[in-house]
Amino acid sequence: VVEAYKQGLRPALGYELNPWLLCLANYRAWRAGYHGKVSFLKKDLWKVDLSDCNNVIVFLAPSVKPPLAAKLMAELPDGARVVAGRYPFPSWTPSSTLGQGLEQVWAYDMKEVRRAEQSSAQGSAV
């Protein structure tokens, strides 16, 4: 979230349910000098409406990616970008990637993800 803020994304907001990770995130933001500039909220990502988000960054386990992909497809606007850290979305083709190994990230443009999904669905229809 801090890096998103540094890159000019506003608002820079994170969601976390684990109280320890929430405290750690707030502490790290404060220590880096970003207290009051970024926010971390104790909210369930599955219950948050993401329809007004243009940039989503996720660091989640591979097992969570398929249901999250469905949520993002249903809620995000076409102009949104999703960045996944550590693990890619298995059924999406990234628009770009950066880094290697544990430091690799994958960027997905929702308009392109939807276009590829529609093409795949049309190609499989017999």
Unit charges at the beta carbon, dipole of the chain: most positive-side option, 8, 104, 36: 36
Report the antiparallel proportion of the DSSP beta bridges in the chain as a percent, rounded to a multiple of 5. 45 percent
Take the Cα atoms of the range 54-125, build their convex hull, and give its volume per residue in Å³. 90 Å³
In Å³ per residue, the alpha-carbon convex hull of the range 1-43 encloses 54 Å³
For the chain, what is the relative contact order in percent, using Cα pairs closer than 8 Å and at least 6 residues apart in sequence? 18 percent
Fraction of accessible area attributable to carbon and sulfur, the range 1-43 (%, probe 1.4 Å): 56 percent
Using unit Cβ charges (K, R positive; D, E negative) and no other charged atoms, how large, in debye to the nearest 20, is the dipole of the chain about its Cα centre? 340 debye
Please give, to one decimal in nm, the separation of the simple spin-label points placed at residue 45 and residue 75, each 7 Å out from Cα toward the Cβ. 1.0 nm
Between the alpha carbon centres of the range 14-41 and the range 87-126 the gap in Å comes to 29 Å
Per residue, how much accessible surface does the range 18-126 expose to a 1.4 Å probe? Answer in Å², no decimals. 67 Å²
Taking only the Cα positions of the chain, the convex hull volume per residue in Å³ is 122 Å³
Cα-based Lys proximity count in the chain, under 16 Å, for pairs eight or more positions apart or on separate chains: 5
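The values are calculated or read from the model by the stated rules, or taken from the named source; none is laboratory data. Bear in mind the structure is a predicted one, so any value in this text is a computation, not a measurement. Counting neighbours? That spans all protein chains shown, and the Cβs are built from the backbone with ideal geometry, glycine included. Surface areas here come from the heavy atoms of the whole protein model, side chains and all, with no ligands, DNA or RNA. Shrake-Rupley method; radii C 1.70, N 1.55, O 1.52, S 1.80 Å.
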